[in-house]
1. May I ask you to list, by number, the DSSP H helices of the chain whose Cα span along the axis is at least 18 Å and whose average Kyte-Doolittle hydropathy reaches 0.5 or more?
2. Starting with the fewest neighbours, write out LEU50, LEU145 ranked by other beta-carbon atoms found within 10 Å of each beta-carbon.
3. Can you figure out the FRET efficiency of ASP499 with ASP110, using R₀ = 56 Å and their beta-carbon distance, to the nearest 0.05?
4. Could you list log10 I(q)/I(0) for the range 216-325 at q = 0.14, 0.16, 0.24 Å⁻¹, which the Debye formula gives when each Cα is one point scatterer?
5. Using a cut-off of 13 Å between beta-carbons, work out the net charge of the residues near THR405 (Lys and Arg +1, Asp and Glu -1, THR405 not included).
6. Tell me, ASP179, ASP406 in order of fewest to most beta-carbon neighbours within 10 Å?
7. Of SER130, VAL91, VAL158, which is farthest along the charge dipole of the range 79-184 in the positive direction, counting Lys and Arg as +1 and Asp and Glu as -1 at C-beta?
8. Determine, for each peptide in 80-89, 343-352, the mean count of other beta carbons within 10 angstrom over its residues, then list the peptides with the highest first.
Amino acid sequence: MESIQIAVLVVVAITAASVLAPRIGTAAPLVLLALGMIVSLLPFTPDFVLDPELILAGLLPPLLYSTAVNMPTMDFRRDFRTISGLSVLLVVVSSLALGGVFVLLIDGIDYPMAVALGAIVSPTDAVATSIARRLGVPARVVTVLEGESLLNDATALVVLRSAVAATGAGVSVSGVLGDFVWAVVGAVGIGWAVGTLVLLLRARLADPAVTTAISFTVPFLAFLPAEHLGASGLVAAVTAGLVTGRRQASRLGPQQRLSDRQNWRTIELLVEGVIFLIMGLEVSALIEDVEETTDGGVLRAVGLAAAGLVVVLAIRAVYTAVIVIMEQRRERRSPQVREAIDEWASKVEKSRHPRAAQHRRRLRRASADVDFYETYRFGRREGVVLIWAGMRGVVTLAAAQTLPTDTEGRSLLVLVAFFVALASLIVQGGTLGMLVRLLGLAGSEPEDADEWERLDALMLGTARDVMDDADLSPQLRSLRDRITQRSEDEPYDRDVINDLRLRIIKRQREVLLHERTDGTYSSAALRRMLARLDADQLSIEVRRDEDS
C-alpha cells in the first residue's frame with residue numbers, strides 16, 4: 001500500500017510541476033529537481049540510493065527511444081558532421097583534459113581514474129536537453145543538441161570502462177578503439193534490425209492499442225541484446241527509434257501513429273519527471289556519506305565540481321567556435337556549390353543514362369541542403385546557445401554510480417559528478433531562456449508562407465492527378481473541385497466520395513514522404529501537412545464507422 005501511495009504522489013508531483021513551471025517561467029524538470037532536493041533534506045526523509053542499472057537499463061532506453069522517434073531524420077542527416085564530432089571527439093578530448101585537471105586537484109587519484117571521472121561528466125544529457133526545447137531554443141540547435149546527447153553516451157561509457165580497466169591493468173589504444181567501434185556499429189546494426197522487424201510486425205496489426213503496446217517493448221528489445229553482446233544498448237535503442245520515426249508514416253496508419261504519439265508523450269512526461277525527482281532525492285545520502293569519509297566534505301566536492309564544469313564548458317566553447325567557423329566557410333562556399341549543382345543538373349537533365357534519374361534526385365537533395373543551410377544559419381549567436389544549452393544530467397549521476405564499490409574516494413567522485421550535473425541544470429538551465437531572449441533568438445525561426453503555399457499547391461495538384469487517373473462517374477467528375485477542397489455534398493454517394501478521398505490522401509502522403517527524402521521542404525512544414533492528412537483520414541474513417 002505504501003508503494004502505491006508513493007507512486008500516486010510522484011504522478012501528482014509531476015503533473016503539478018508541468019502545470020506550475022510555465023507560469024513561473026522555468027522548465028518542469030528543474031521544478032522537480034528542486035522538489036526532490038527539498039524532500040531529501042527533510043529530517044524524516046530516509047536516505048534514498050537508487051541502483052544505477054534502473055536508470056541506465058530501465059528508464060533511459062524508453063526515453064531515448066521516444067526522443068529518437070520524434071527526431072527529424074532529414075535535419076539529423078544534414079547536421080550529422082557536427083553531431084558526430086560533438087558525440088565522439090569532444091567527449092574524448094574533454095575526458096582526457098578533465099583527467100589532467102582532476103589529477104592536480106584530487107590527492108591520491110591516478111590518471112586513469114581521473115579520466116574515468118572526466119568521462120562521467122563530459123557527455124550532455126538527453127533528458128536535460130529537453131529543457132532547451134521547452135525554452136524556445138532554435139530548432140537547428142535543438143536538433144544538434146538532441147543528436148549529440150543521443151549518441152555521446154556510447155563514447156563516454158566506453159572511455160569510462162576503459163579507464164576503470166586501466167586502473168588494474170594496462171589497456172591498449174587499439175583495444176579501446178575496437179571497443180568503441182563495436183559499441184557503435186554493433187548497436188546500430190541491432191537497433192536497425194529490431195526497429196525494422198517490429199515495424200513490419202506492427203504494420204500487419206490493425207488494433208492501435210495492440211501496436212502501441214508492442215512499441216513499448218522496442219527500446220528494450222534493442223537494448224538488451226546489444227548490452228549482452230557488448231555493444232551500446234542506448235545507441236541501439238536510439239537507432240530503433242530513428243528507424244521507427246523514419247518509416248512509421250509509410251508503414252502505420254494514422255490511428256496507430258496517433259495512439260503512439262499520445263501514449264509515448266505520457267510515458268516521456270512521467271519517466272522524465274521520475275528521473276529528475278530521483279536526482280533530487282539522492283542528494284542527502286551523498287552529502288552524508290562524503291561528510292563522513294572525505295576531508296573537506298561537501299565544500300571540497302563543490303569546488304571540484306565547479307572547476308570541472310568550468311573546464312568542460314571552456315573546452316566546449318573552443319570546439320563550438322570551430323563549428324561556427326566551419327559553418328561560416330560553408331556559407332561562403334554556397335554560391336559556388338549551387339553553381340556546380342546547377343551545372344551538373346543541366347547535364348544530367350539531358351542524359352539518357354540508366355542512372356540519370358538517381359543522379360537527378362541526388363542533385364535535387366544537394367540543392368535542398370544548400371537552401372537549408374542558407375535559411376537556418378548557424379552563426380555566433382547559435383554557437384553561444386549551443387555552448388550553454390549543453391547540460392549534464394542524470395546520465396552523469398548514473399554513470400558515476402557504476403564505479404566499482406572498492407574505488408578509493410568513491411563517494412567524493414560520485415558527489416562531484418552529482419554537483420556538476422546539478423550546477424549545470426540549475427545555472428545553465430535556469431538562465432538559458434533569458435540568454436535566448438537576450439540574443440534575439442526566441443521565436444526567431446523563419447516562417448516561410450511561400451513554402452506552405454507551394455506545399456499546399458503540390459497536394460492539390462496530386463489530388464487532381466489521382467482524379468484524372470480515376471474512372472469517375474459524371475456525378476463525381478462534376479464534384480472534382482469540391483473534393484479537392486475537402487468538402488462533401490450530401491446528395492451524392494458518400495461511400496464513393498470517401499473512397500476516392502482516401503485514395504487521394506494515400507497518394508498525397510506518398511508524395512510528402514518522397515519530398516521528405518529529397519529534403520525540398522522543411523521538416524516543420526512536412527510534419528504539419530502530414531498531420532493534416534492524418535486528420536482528414538481519421539475524420540473519414542470515424543464517420544464511416546458511425547454510418548456502418
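Bear in mind that the values in this text are calculations on the coordinates, not laboratory data. Just so it is clear, the structure is predicted and the values come from calculations on it, not from any experiment. Cβ: placed from backbone, ideal geometry, glycine included. Neighbour counts: every protein chain shown.
1. TM-like helix candidates: 2-23, 28-41, 90-105, 139-166, 173-203, 410-423.
2. Final ranking by Cβ density, sparse to dense: LEU50, LEU145.
3. Working from the Cβ atoms, E equals 0.15.
4. Relative scattering, expressed as log10 I(q)/I(0), comes to -0.97, -1.04, -1.16.
5. Values: positive: ARG410; negative: ASP51, ASP289, ASP406, GLU408.
Result for the local shell: -3.
6. Listing ASP179, ASP406 from fewest to most nearby Cβ atoms yields ASP406, ASP179.
7. Toward the positive end, the furthest listed residue is SER130.
8. 80-89, 343-352
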